[in-house]
1. Considering region 114-154 alone, what residues qualify as being more than 14 Å from the chain's Cα centre (by Cα) and in contact (Cβ under 8 Å) with a residue 60 or more places away in the chain?
2. I'd like to check which strands (runs of 3 or more DSSP E) are fully inside region 17-81 and have at least 3 residues that are within 13 Å of the chain's Cα centre (by Cα), closer than 24 Å to residue 101 by Cα and modelled with pLDDT of 95 or more.
C-alpha cells in the first residue's frame with residue numbers, strides 16, 4: 001500500500017483521531033491523538049491490508065518551540081520468510097504521537113509490538129516521555145540516579161557526576177558546546 005492509501009484508510013477508520021497527514025518528503029507519517037494510539041496501533045498490526053508486524057524503531061523528538069515532545073513509530077510489514085523469497089518490506093509507514101512537554105504521557109504499545117518495550121524505555125530515559133501501562137518503565141542507558149533527560153534541547157549537562165568531571169568530546173571543562 002502507498003502512504004496515501006494507508007493514511008486514507010486510517011482517516012476513514014479513526015476520523016478525528018488522525019490529527020494530521022504528512023505525505024511530502026521521504027518519511028510520510030500521520031499524527032495520532034495520544035489517547036487513541038493503542039487502538040490505532042492494534043489496527044495497524046492486525047488489519048489484513050496493513051499487517052505492520054515490525055516496529056523498526058521509536059524516535060523521540062523535542063519540539064521545544066511548540067512546548068511538545070513526540071514519539072515517531074517507524075513501522076514495516078514483513079511477510080513470512082521462505083527459502084525462495086528474500087525478506088522485503090512491501091510497505092512501511094510512520095506514526096507520530098505528540099504530547100505536552102511539561103507532563104509528557106503516551107500510552108505504551110509494548111503489548112502490540114514487543115520491541116516497543118526497549119524503545120519506549122530509551123525515549124523515557126533520554127527524553128522523559130512516560131509510557132503509560134508500560135510493563136517495566138525504568139532507565140535503560142543512564143544510571144538510576146541521573147538527573148534529567150539528556151536529549152532534551154534545554155538539558156543542562158552536569159559539571160560532574162559522583163566526582164567524575166563532565167567534559168565534552170573536545171575535553172573542554174564546560175559540557176556546553
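The values are calculated or read from the model by the stated rules, or taken from the named source; none is laboratory data. Remember, it's a predicted structure, so these values are computed and weren't measured experimentally. Note that each Cβ is placed from the backbone with ideal geometry, even for glycine, and that neighbours are counted across all protein chains shown.
1. First pass over region 114-154, keeping only residues more than 14 Å from the chain's Cα centre (by Cα): 133, 135-150, 152-154.
Passing the criteria: 152, 153, 154.
2. Working: elements: 18-22, 29-32, 54-63, 68-76.
Once the strands (runs of 3 or more DSSP E) in region 17-81 are filtered for at least 3 residues that are within 13 Å of the chain's Cα centre (by Cα), closer than 24 Å to residue 101 by Cα and modelled with pLDDT of 95 or more, what remains is 29-32, 54-63, 68-76.
Yes/no per residue for (1) touching a strand residue (DSSP E or B) at 6+ places or on another chain (Cβ under 8 Å); (2) surrounded by fewer than 15 Cβ atoms within 10 Å (Cβ to Cβ); (3) modelled with pLDDT of 95 or more; (4) over 19 Å from residue 99 (Cβ atoms):
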| residue | (1), (2), (3), (4) |
| --- | --- |
| 122 | yes, no, yes, no |
| 127 | yes, no, yes, no |
| 131 | yes, no, yes, no |
| 135 | no, yes, yes, yes |
| 155 | no, no, no, no |
| 160 | no, yes, no, yes |
| 166 | yes, yes, no, yes |
| 170 | no, yes, no, yes |
